[in-house]
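Worksheet: the structure to be examined is printed underneath.
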Amino acid sequence: MDQKRLTHLRQLEAESIHIIREVAAEFSNPVMLYSIGKDSSVMLHLARKAFYPGTLFAFPVAACRYRLEIPRDV
């Protein structure tokens, strides 16, 4: 991966971690929803990085399993 792209990804990661920390500090009862998908897995990884090496998470994680069904006649 070229340096420019890697730098951009690191900036996005840093911004995401900042937002997660900001939410944990600003709100009284934040919860992260986890659906076992790719996006949720990335969010969990970012949350771990945001609070490492302290407590695993500053807020609870709620597993939510759902299935979006799109009718075929639409």
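The values are calculated or read from the model by the stated rules, or taken from the named source; none is laboratory data. Values in this document were obtained by computation on a predicted structure and should not be read as measured data. Every residue, glycine among them, receives a Cβ derived from its backbone with ideal geometry; neighbour counts consider all protein chains shown.
Here are a few things to note about the model shown:
- Filter result for A24 (touching a strand residue (DSSP E or B) at 6+ places or on another chain (Cβ under 8 Å) and over 20 Å from R10 (Cβ atoms)): no
- The set of residues from the stretch 16-38 being of a type outside the set (F, W, Y) and closer than 13 Å to C64 by Cα comprises V31, M32, L33, S35, I36, G37.
- Test for S40: is it out of contact with any strand residue (DSSP E or B) (no Cβ under 7 Å at 6 or more places or on another chain) and among the small types (G, A, S): no
- The residues of the stretch 1-46 that are in contact with a helix residue (DSSP H, G or I) (Cβ under 8 Å, 6 or more places away or on another chain), part of a helix (DSSP H, G or I) and modelled with pLDDT under 90 amount to a single one, A24.
- All conditions in (1) surrounded by 11 or more Cβ atoms within 10 Å (Cβ to Cβ); (2) more than 27 Å from R65 (Cα to Cα) hold for D2, with the sole exception of (1).
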